[in-house]
Amino acid sequence: MINVRPYTKQDYRFVEDICMATSQLADDDNAINRATMCVMYCDYYMDNEPEFCFVATDDDTIAGYIVCAADCDTFAEQMDDNYMPLVRKLNSGAYFHFSAERKLDQRYIKAGFTAHLRIDVLPEFASSDAADKLLTALETKLVESFVEGVYVVCPAKDKDTIAFYQKHGYDDIDYISGAVVYGKKLFSED
């Protein structure tokens, strides 16, 4: 049975392992690729905004995680100052791709999507309700923290992921090269 709990520092390595195992570089797991993927996609969140990180467990096994930057402006500053220089040294191609994607953040922030999330669940738990429970836990925390809206970038070809976000009330708000951006307002505009 899947349970969701707040992230703890003891989960750090397990979250990084899942980040790598579910990445496009999973078949080429080496020190450089692992550091690149983790610095770009999970380390910032655990280091700086652990209160917006949750893990899904099945008994004692971590099945997946969700991480979030509740304030994209702070995320951008911290990434530029503390994380992206390392990515640039490790993998310049990944650095330029990630930097280009992040330049669009201001567009989403101005539209009220001031937070963004990342979620990964191990393939063997994909048919469980881990992703649903993780997203619910994060959205509850974001509402409690008065975050206006949240967005996520999905691969355009990943129909299952797109259907997942649509099921949870996310709307497509932008299209970028090979991806669809989905957003959800957490407070009604009434």
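The values are calculated or read from the model by the stated rules, or taken from the named source; none is laboratory data. Remember, predicted model here, so these are calculated numbers, not experimental data. When we count neighbours, we look across all protein chains shown, and the Cβ atoms used for this are built from the backbone with ideal geometry, even at glycine. When the accessible area is computed, the model is the full protein with side chains, heavy atoms only, and any ligands, DNA or RNA have been set aside. Shrake-Rupley method; radii C 1.70, N 1.55, O 1.52, S 1.80 Å.
Structure notes:
- The H on the amide N of C53, modeled in the peptide plane, is under 5 Å from the matching H of Y7, each at least 5 residues off or on a different chain.
- For the chain, built as a Gaussian network whose Cα springs stay under 10 Å, the top-fluctuating residue of I66, I32, I18: I32
- In whole percents, the pair-distance distribution calculated for the range 1-68 from its alpha-carbon pairs, binned every 10 Å from zero, is 22, 52, 25, 1.
- Once the gyration tensor of the Cα atoms in the range 117-190 is diagonalised, the equivalent ellipsoid follows with semi-axes of 20, 17, 9 Å, ordered largest first.
- Per-residue packing, averaged as other Cβ atoms within 10 Å, sorts the ranges 113-123, 167-177, 6-16 into the order 113-123, 6-16, 167-177, beginning with the highest.
- Between D59 and D158, the contour length at 0.36 nm per residue exceeds the alpha carbon distance by 32.8 nm.
- Three principal axis lengths of the range 54-190 [C-alpha, angstrom, descending]: 41, 38, 29
- Nearby lysines by direct alpha-carbon distance to K141 (threshold 29 angstrom, same-chain neighbours under 8 apart not counted): K9, K103, K110, K133, K159, K167, K184, K185
- The residues of the chain have, on average, 51 Å² of accessible surface per residue, using a 1.4 Å probe with all protein chains present.
- Take the Cβ atoms of F96 and D171, set R0 to 45 Å, and the FRET efficiency comes out at 0.95.
- Cα-only radius of gyration and Dmax that characterise the range 8-119, units Å: 14.1, 41
- Over the chain, Cα pairs under 8 Å with separation of 6+ residues give a relative contact order of 22 percent.
- CD proxy at 222 nm, helix term only [per DSSP H run n ≥ 4: -39500 (n - 2.57); per residue of the chain; nearest 500]: -11500 deg cm²/dmol
- Rounded Å value of the spacing that divides the Cα centres of the range 1-47 and the range 63-84: 14
- Rounded, prolate or oblate (a/c below 1.5 giving rounded, otherwise prolate when a/b exceeds b/c) for the range 80-157 by Cα gyration tensor: oblate
- Using only side-chain charges placed at the Cβ, +1 for Lys and Arg and -1 for Asp and Glu, the dipole size of the range 119-181 relative to its Cα centre rounds to 80 debye.
- Taking all C-alpha pairs of the range 38-102, those more than 15 Å from each other amount to 55 percent.
- Radius 12 Å from Cβ of E16, net charge of other residues (Lys, Arg +1; Asp, Glu -1): -4
- For the range 87-118, the residues whose backbone nitrogen is under 12 Å from a point 7 Å from the Cα of D28, taken along Cα to Cβ, are 91-94.
- Antiparallel bridges, percent of DSSP beta bridges restricted to the range 55-152 (to nearest 5): 85
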